[in-house]
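J.: Questions regarding the structure given below will be posed in turn.
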Amino acid sequence: MNTPVIFIHGLIGTLDVIDFDYTHASPDLLGYGADSTAPSHSISLNAQVENVRVFIDRHFDGRSVHVVGHSVGGAIAMLLAHAHPEYVRKIVNVEGNFTLEDAFWSASVGRMTSAEADAMLKGFREDPVAWLSGAVVKPTEKMYETAVRWLGYQPASTLRAMGQSIVATTGNIDYLAAVKSVFERHAVYLIAGERSRGDWNVPEWALEKCADYQTIRQCGHLMMLEDPEAFSATVKQCLFMSNS
């Protein structure tokens, strides 16, 4: 039986995958989608870890799973493996947060007032193409439809709470030590977009200890939007076609 794969989304929207013919799920984090009414005071990276753990218990009877995390979802994946190593087999970290430099935009959202965050998200929703253009070279109609859905997936209060927790968590001196311990116990694969790879602050020790580092050509941070087929194929190569 194939090991199930859990996809953990980033700060905005969900994590869509196509042509992924293995058992998988993309659970909504607290404050998103089906859980978008979660109060902001209950939202933190540690709370998201426990939310994912409960999802695994409920849907996969506590079986160990592979975890794929994008952006802040990458940080949540690493924290899940640190807190509950028995739940996780392999990890695919897709431009996940290693340092505060990776949380530049999240930090700015976390510092916003409620009114400022509401206005920011309202502006994105009114012009999804402008939001996409920050990460995508040539937005298509399909990308536009996905952007509309993603931008409506969470309230601004969730973004503020997540931004604040990202800074508090990744800025803690114990965070990188916890992440490093995960590399010692698990096979960790790194995936980056060709255009955004240079902005990802991956420590040298992570490059040395990772099971593999894949770059998706002609893509940026939202590679699953720009080239969804290549994204799915790269994840499958890491999890099911490697020897690690």
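J.: Please indicate, with yes or no, whether at least one residue in the stretch 93-116 is under 19 Å from Gly33 (Cα atoms) and of a type outside the set (S, T, N, Q).
T.: Among the residues of the stretch 93-116, not one is under 19 Å from Gly33 (Cα atoms) and of a type outside the set (S, T, N, Q), which makes the answer no.
J.: Give the residues of the stretch 105-151 that are within 21 Å of Thr215 (Cβ to Cβ) and free of Cβ contacts under 8 Å to residues at least 12 places away in the same chain, sorted by residue number.
T.: If the condition is that a residue be within 21 Å of Thr215 (Cβ to Cβ) and free of Cβ contacts under 8 Å to residues at least 12 places away in the same chain, then Gly134, Lys138 are the ones that fit.
Matching residues to (1) under 21 Å from Lys236 (Cβ atoms); (2) in contact with a strand residue (DSSP E or B) (Cβ under 6 Å, 6 or more places away or on another chain); (3) among the aromatic types (Phe, Trp, Tyr); (4) in contact (Cβ under 8 Å) with a residue 24 or more places away in the chain:
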| position | (1), (2), (3), (4) |
| --- | --- |
| Val5 | yes, yes, no, yes |
| Ile12 | no, no, no, yes |
| Asp16 | yes, no, no, yes |
| Gly31 | no, no, no, yes |
| Asp35 | no, no, no, no |
| Ala38 | no, no, no, yes |
| Gly62 | no, no, no, yes |
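J.: Identify the residue in the stretch 190-217 that is exposed (fewer than 14 other Cβ atoms within 10 Å of the Cβ) and among the hydrophobic types (A, V, I, L, M, F, W, C) and, among all such residues, is nearest to the chain's Cα centre (by Cα).
T.: Once the filter is applied, the top-ranked residue is Leu207.
J.: Can you tell me which residue in the stretch 4-60 is surrounded by the most Cβ atoms within 10 Å (Cβ to Cβ), limited to those that are of a type in the set (Ser, Thr, Tyr) and under 24 Å from Tyr144 (Cβ atoms)?
T.: Here is the first cut: in the stretch 4-60, the residues of a type in the set (Ser, Thr, Tyr) are 14, 22-23, 26, 32, 36-37, 40, 42, 44.
Still in the running and under 24 Å from Tyr144 (Cβ atoms): 14, 26, 32, 36.
Values: Thr14: 22, Ser26: 17, Tyr32: 24, Ser36: 16.
Here the residue is Tyr32.
J.: Say we look at the stretch 99-116 and pick out the residues that are crowded, with 22+ Cβ neighbours inside 10 Å and touching a Leu at 6+ places or on another chain (Cβ under 9 Å); which of these is farthest from Val54 (Cα to Cα)? Can you show your working first?
T.: Just the residues of the stretch 99-116 that are crowded, with 22+ Cβ neighbours inside 10 Å, to begin with: 102-103, 106, 109.
Now restrict to residues that are touching a Leu at 6+ places or on another chain (Cβ under 9 Å): 106, 109.
Numbers: Ser106: 26, Val109: 28 Å.
Only one residue fits best here, namely Val109.
J.: OK, next. With (1) at pLDDT below 95; (2) in contact with a strand residue (DSSP E or B) (Cβ under 6 Å, 6 or more places away or on another chain) as the list, and Gly110 as the residue in question, which single condition is left unmet?
T.: Of the numbered conditions (1) at pLDDT below 95; (2) in contact with a strand residue (DSSP E or B) (Cβ under 6 Å, 6 or more places away or on another chain), the odd one out for Gly110 is (2).
J.: Could you please find all residues in the stretch 115-167 being assigned to a loop (DSSP other than H, G, I, E, B), modelled with pLDDT of 95 or more and farther than 20 Å from Thr14 by Cβ?
T.: Correct list: Asp127 only.
J.: Same structure, new question: Which residues, counting only those in the stretch 200-214, are free of Cβ contacts under 8 Å to residues at least 60 places away in the same chain and farther than 16 Å from Val68 by Cβ?
T.: Glu204, Trp205, Leu207, Glu208, Lys209
J.: Just give me the residues in the stretch 170-189 being in a helix (DSSP H, G or I), touching a Phe, Trp or Tyr at 6+ places or on another chain (Cβ under 8 Å) and buried (at least 21 other Cβ atoms within 10 Å of the Cβ), in sequence order. Show your work before the answer.
T.: Step one: of the stretch 170-189, the residues in a helix (DSSP H, G or I) are 170, 173-185.
Retained after the next criterion (residues that are touching a Phe, Trp or Tyr at 6+ places or on another chain (Cβ under 8 Å)): 170, 176, 179-180, 183.
Hits for the stretch 170-189 are Thr170, Val179.
J.: Out of (1) modelled with pLDDT under 95; (2) touching an Asp or Glu at 6+ places or on another chain (Cβ under 9 Å), the odd one out for Trp200 is which?
T.: Just one mismatch for Trp200, condition (1).
The values are calculated or read from the model by the stated rules, or taken from the named source; none is laboratory data. Source: prediction; values computed, not measured. Positions of Cβ are backbone-derived with ideal geometry, glycine not excepted, and every protein chain shown enters the neighbour counts.
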